[in-house]
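Taking it in order: structure first as structure tokens, then the write-up.
Just so you know, all these numbers are worked out from the coordinates, no wet-lab data involved. In this text, all values refer to a predicted model and were calculated from it rather than measured experimentally. Note: ideal-geometry Cβ built from the backbone for every residue, glycine included; neighbour counts use all protein chains shown.
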């Protein structure tokens with residue numbers, strides 16, 4: 001553990017804490033986890049004004065020291081020195097929204113009562129001024145008894161002054177011991193709130209009510225008719241962009257991979273190592289990496305929607321619909337994130353106060369079409385669904401893809417409806433949330449968010465997926481098949497697959513699919529890598545780029561099989577990471593096992609129904 | 001000065017919170033309501049209603065905009081400011 005002095009950034013949600021964290025630490029950030037809980041620990045190093053290095057940790061936003069969610073509990077435990085694996089901070093930077101002092105000062109008063117050295121960042125002072133609010137930081141500083149620095153984190157205003165004050169606060173003579181007996185710690189919320197309001201009034205020089213932009217935007221965004229239409233249009237543009245904007249970068253990655261494979265073939269003689277590199281790693285991992293552009297585009301949209309403040313409006317609009325299946329509008333945010341990946345989606349459920357509501361959201365999150373399914377869907381649809389135009393701008397392939405997304409959503413809602421009446425039965429949950437001001441998302445903050453997503457994805461491609469692909473390559477390459485027999489059937493992997501095939505044959509799955517299902521358990525997109533690796537081993541003479549994977553599938557799979565395979569992937573919980581995060585978030589094996597069970601059962605039944613209906617229809 | 005519940009407060013009509021029926025709210029709901037600044041005497045105003053039927057409402061409380069469901073808004077009595 002680092003022995004640098006620790007400074008904790010703490011404040012209400014929507015105080016601009018993360019922007020301040022980014023402004024203070026730049027890209028020098030580390031994302032870890034607190035032991036025992038899945039709350040992410042964001043930390044970074046920075047140099048104080050006097051040059052001393054300190055570690056800065058960004059605590060989850062909280063309304064008070066009385067925790068209502070796992071996130072808020074971590075915040076309380078860190079600032080009181082009770083968090084396992086974390087040292088007591090040497091100083092706190094309390095971030096308050098200048099335009100929302102009445103509310104944010106209440107939490108500040110609670111934090112001040114802890115007795116740690118505090119510097120208050122009076123953040124987003126520019127937005128407050130735009131709203132016609134003039135504040136006197138000197139009065140606020142006198143009332144609170146600590147330094148108050150006006151800041152605009154997104155424009156790096158006030159950062160130097162903040163660092164100067166921190167130099168005094170960290171390790172200075174002002175450092176005090178914890179005072180857990182301070183009455184303010186135990187005062188009830190209402191009393192503290194009234195004190196906070198008094199201080200806010202004292203620090204307010206003048207207040208001119210202005211017609212706020214915010215209100216005008218909300219009049220449109222939350223309009224009973226225009227609002228939902230706008231939301232639908234936004235979602236449509238988002239999913240369209242995922243496909244249309246990614247075409248070019250995917251092409252570049254494919255070209256690069258093909259060049260790499262050719263280069264290796266030129267340098268290495270035919271044999272074990274060349275096969276491992278070209279057929280195993282490049283074919284397998286490459287098939288997954290080409291989806292990086294799509295995943296990043298999807299995350300970029302979600303990050304922008306979140307940073308701009310629109311996401312909460314979307315939750316507001318969706319609340320009524322979600323209430324029909326026993327959820328709340330809050331569940332919309334984790335569910336939308338699950339379209340990118342269920343893991344951050346499930347982690348985002350932590351903001352849902354109600355336990356039953358949260359559990360239901362976790363259990364249905366894997367039904368949202370995550371980006372790991374895209375490689376599978378794109379491959380199968382591209383290979384086996386005819387590219388006919390049904391109408392101008394509407395192609396059959398696109399329609400099938402759209403249908404799979406809709407199916408996931410419908411299935412999730414039906415599952416929620418059933419779960420809320422059976423296993424997660426309980427009083428209908430509430431919906432209460434602060435609606436932050438609209439803000440222009442800052443490019444740098446989005447960039448940092450995307451960078452961390454990209455590294456997580458590439459790390460996974462480089463470790464989990466590379467490992468499964470290499471294991472599969474080994475199992476599929478040995479023992480060598482005698483001539484006249486197919487390598488993919490004779491090898492160890494082939495024999496394991498023949499065992500699985502017995503179970504999945506009734507739902508129309510062939511030997512290739514049985515072979516792909518096992519590695520897909522590690523991650524869905526590994527199915528594509530597995531199929532690519534197996535075909536590459538079966539046909540070692542062809543150049544990787546010469547015969548496209550899609551063309552190889554055409555001759556071997558019937559349309560009924562392809563449809564059943566797609567249906568399977570709508571439901572099947574084939575993702576170790578999702579199961580692991582569910583176990584951590586629900587503190588045990590009971591719910592992840594339930595989730596895996598109900599989703600596999602649904603996958604098997606639905607794939608079977610699809611297959612037999614398709615066969616009956618003569619496909 | 002007349003009174004009604006926040007649920008039925010006309011849009012853009014300024015009011016103050018007169019009374020909150022804390023006992024008829026779930027414990028976490030009451031706690032969150034307090035944390036968001038709901039308290040007797042605080043200025044409140046309905047800004048938006050989600051849908052014509054039963055959707056949530058967005059209201060200004062103090063300097064904050066908060067979304068809540070109608071059932072909760074119905075527990076909050078407000079006094080209209082002329």
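Some points to look at:
- Diffusion constant of the stretch A:444-492 at 20 °C, which comes from Stokes-Einstein with the Kirkwood Cα-pair radius and 1.002 mPa s, µm²/s: 163 µm²/s
- Each listed q (0.09, 0.14, 0.17, 0.20 Å⁻¹) maps to a log10 I(q)/I(0) for the stretch A:468-619, found by the Debye formula over equal Cα scatterers with no solvent: -0.32, -0.74, -1.03, -1.27.
- Spatial separation of Cα centroids for the stretch B:20-82 and the stretch A:137-172, in angstrom: 34 Å
- With contacts taken as Cα pairs under 8 Å and at least 6 residues apart, the stretch A:6-207 reaches a relative contact order of 23 percent.
- Sequence-distant contacts, meaning Cα pairs under 8 Å at least 6 residues apart, place the relative contact order of the stretch B:3-80 at 47 percent.
- Mean shadow area of the stretch A:400-547 over all directions, Cα convex hull, nm²: 15.3 nm²
- From its DSSP helices (H runs of at least four residues, each -39,500 (n - 2.57)), chain B gives a residue-normalised ellipticity at 222 nm of -4000 deg cm²/dmol.
- Overall shape: rounded for the stretch B:3-80, with the ratio a/c of the largest to smallest alpha carbon gyration tensor axis below 1.5.
- Global geometry of the stretch A:345-385, whether rounded, prolate or oblate, following the gyration tensor of its Cα atoms and the 1.5 cut on a/c: prolate
- For chain A, the spread of Cα coordinates along the three principal axes comes to 88, 55, 45 Å, biggest extent given first.
- Tensor-based shape of the stretch A:301-456 (alpha-carbon gyration tensor, a/c under 1.5 rounded, otherwise prolate or oblate): oblate
- Helical mean residue ellipticity (222 nm; -39500 (n - 2.57) per DSSP H run of 4+; nearest 500) of chain A: -18000 deg cm²/dmol
- Rounded tilt (10° steps) of A:189-203 against the dominant C-alpha axis of chain A: 70 degrees
- From the largest down, the stretch A:6-207 spans 46, 36, 33 angstrom on the principal axes of its Cα atoms.
- Entry note, chain A: relative contact order of 11 percent, from Cα contacts under 8 Å with a spacing of 6+ residues.
- Sorted by Cβ neighbour density within 10 Å, fewest at the top, the residues A:69, A:536: A:69, A:536
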